[in-house]
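Inspection log for the structure reproduced underneath, given as structure tokens.
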Amino acid sequence: MKGILYPSQLKYLDSHRIKEGKLILEMETFAREKNIPIIHWQAAEFIEQIITIFKPRRVLEIGTAIGYSAIRIARNLRKKCILHTIEKSTDNIKLAEKYINQSGLNDKIKIFQGDALTIMPGLKKKYDLIFLDADKEDYKRLFDYSLILLKSEGIIIIDNLLWHGFVAGKKIPSDYRTSTNIIRDFNKVFLAQVNLKSSILPIGDGLGFGIKI
Ligand SMILES: C[S@@+](CC[C@H](N)C(=O)[O-])C[C@H]1O[C@@H](n2cnc3c(N)ncnc32)[C@H](O)[C@@H]1O
């Protein structure tokens, strides 16, 4: 079992997935074939639900990849609301631009090219919602910058906090040991934040969910 659920449970949920548009399905296939990690569709749906009820005006995403989560976020934003998304890979940015053009959501998505660790300290205006989905070894520092940039009562969502279930002590393949330990350390920090009401939800690969208090 590589995910956080049993294959039979995943299959059951997949079989009840609501009909999704052509572009989103094409992006999922592309990411799978090219081995580009994107958020699990269930986690994306949960984020879309949160955006629908929370109605953020300004959203920041760290880790655009091919633009899959960016499109899923932006398509739920209301008029005059914006998603800023940061990506360091120029190859991924080209792909994201192509897909964002196809989605027709260009006016809602602005890509910042570069390392979020250098871009975030230069951002001045705060965000209502931040989605962190970047390199795991950068998580702690990106999280610290995110807390500074998050408005009071804003929401932070962080992907992969159950890391295929490995953080919970399953037998860990050697190539996952370092990343598992990084996420275990990060989870302790995340759940102990005094200025955040935080929890880890067993959705997708484990979603950290925090509200700034
Ligand atoms: C897991 S993928 C993001 C997937 C995307 N959020 C989605 O679900 O469609 C992580 C991406 O973050 C980018 N990345 C990792 N660390 C970064 C950093 N410090 N600054 C900017 N981009 C970063 C990687 O190049 C990669 O494209």
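Observations
- Residues in segment 136-149 that are without any contact (Cβ under 8 Å) to a residue 24 or more places away in the chain and within 12 Å of the ligand (Cβ to nearest atom): ASP138 alone.
- Within segment 51-74, the residues that satisfy the criterion of being in a strand (DSSP E or B) and either under 12 Å from the mean Cα position of the chain (by Cα) or over 16 Å from LEU123 (Cβ atoms) (or both) are VAL59, LEU60, GLU61, ILE62.
- Among the residues of segment 67-76, those identified as buried (at least 22 other Cβ atoms within 10 Å of the Cβ) and either more than 9 Å from the ligand (Cβ to nearest atom) or among the hydrophobic types (A, V, I, L, M, F, W, C) (or both) are ALA70, ILE71, ILE73, ALA74.
- Filtered residue count, segment 108-124, keeping only those that are within 23 Å of ILE71 (Cβ to Cβ) and not β-branched (Val, Ile, Thr): 9
- Considering the conditions (1) out of contact with any Leu (no Cβ under 9 Å at 6 or more places or on another chain); (2) charged (D, E, K, R); (3) in a helix (DSSP H, G or I); (4) modelled with pLDDT of 95 or more, ARG141 is excluded by exactly one of them, (1).
- Residue identified as in contact with a strand residue (DSSP E or B) (Cβ under 8 Å, 6 or more places away or on another chain) and surrounded by fewer than 19 Cβ atoms within 10 Å (Cβ to Cβ) among ILE156, ILE200, ILE172: ILE200
- Restricting segment 98-135 to residues that are surrounded by fewer than 16 Cβ atoms within 10 Å (Cβ to Cβ) and either over 30 Å from GLU26 (Cβ atoms) or of a type in the set (Val, Ile, Thr) (or both), the residue that is nearest to the ligand (Cβ to nearest atom): THR118
- Within segment 77-97, considering residues that are more than 10 Å from the ligand (Cβ to nearest atom) and either touching a residue at least 60 places away in the same chain (Cβ under 8 Å) or under 19 Å from TYR145 (Cβ atoms) (or both), the one farthest from the chain's Cα centre (by Cα): ILE82
- Scanning segment 18-33 turns up one or more residues that are of a type in the set (S, T, N, Q), over 17 Å from the mean Cα position of the chain (by Cα) and away from the ligand (no atom under 11 Å from the Cβ).
- Within segment 103-124, residues that are free of Cβ contacts under 8 Å to residues at least 60 places away in the same chain and assigned to a strand (DSSP E or B) have Cβ atoms under 8 Å from residues that are among the basic types (Lys, Arg) and within 12 Å of the ligand (Cβ to nearest atom) in these pairs: GLN113/LYS88, counting only partners at least 6 apart in sequence or on another chain.
The values are calculated or read from the model by the stated rules, or taken from the named source; none is laboratory data. A quick note: this is a predicted structure, and the numbers were derived from the prediction, not measured. Positions of Cβ are generated from backbone atoms using ideal geometry, with glycine treated the same way; all protein chains shown enter the neighbour counts.
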